[in-house]
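To keep things clear, I will list the structure first and then write my remarks on it.
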Amino acid sequence: MSKTVEPPVLISRILAFVLASSVVVLGAMAFVLMKMIPLERPEVFFLYTPTRSANVVIAPLVSDSNNKTAINRYKEGFVREYVIARNTLSAAPGITRKNWSRIAKPWSSDKVFNKMAETSIYKEFVLDDKLPNVSCTVNFSSQNNDKPVLKMNDDTYNVQFTWICKNIGGQTTQKNYKIQIRIESDLDEKVSGTLENLEKLRDNPLGLQVVQYTSLGGAEFASGDPLNSDTASW
């Protein structure tokens, strides 16, 4: 009896071995990938220099007493940027669209953003794809206000600013506003959430959201949302 293996039989055995090996490797890869999901998770670090001559230090964001000051500064900066992005009206519609879609929306809770979407200026922008014939900027500086963003507690801030608008004729209008903003973080929910939430997390790494945006008004301040202003009367 011949002990040699016919070529077709040898090839079939080799192919069977290769196929079995491929199945094992693919199975191991699939297991590893499942353990890695989500594949994209932003991590936040603080970049700072203790002194001008010191090397740059990159420190992880840890919720402890050592980083409490840094976190408070981040939150205050978050509130400032939110107010600027929400209330700046540029003559170039693309800039305003980017501010509202990349900052105001992902940094707002659904309730706050839906309320913003009901303002007269926002609705006019969406309807006509252009803003009224005005451009507006936010100015935090004031001789009588050394701290325009005043922290009331860990999550609530009172923000004072001057809204400076110029119409197509060059006439300038200034109004002072005092807005109370409360923020919360739903970072843990977003990390384990859907892809849509992870996409949103790219624009909002700490998962902070404005959950309250209220105009306080008063003797020195205009009432109502700036985006509800009647620009036709300017």
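Throughout, read-outs are computed from the coordinates displayed, never taken from laboratory work. Model, not experiment: these values are computed from the prediction. With ideal geometry, Cβ positions are generated from the backbone for all residues, glycine too; neighbour counts draw on all protein chains shown.
Phi-derived couplings, Karplus 6.51 cos²θ - 1.76 cosθ + 1.60 at θ = phi - 60°, listed residue by residue for the stretch 212-229: 8, 9, 10, 7, 7, x, x, 5, 9, 10, 6, 9, x, 6, x, 6, 9, 5 Hz, with x used for Gly and Pro.
Can you sort Arg73, Arg97 from fewest to most other Cβ atoms within 10 Å of each residue's own Cβ?
The most exposed by this proxy come first: Arg73, Arg97.
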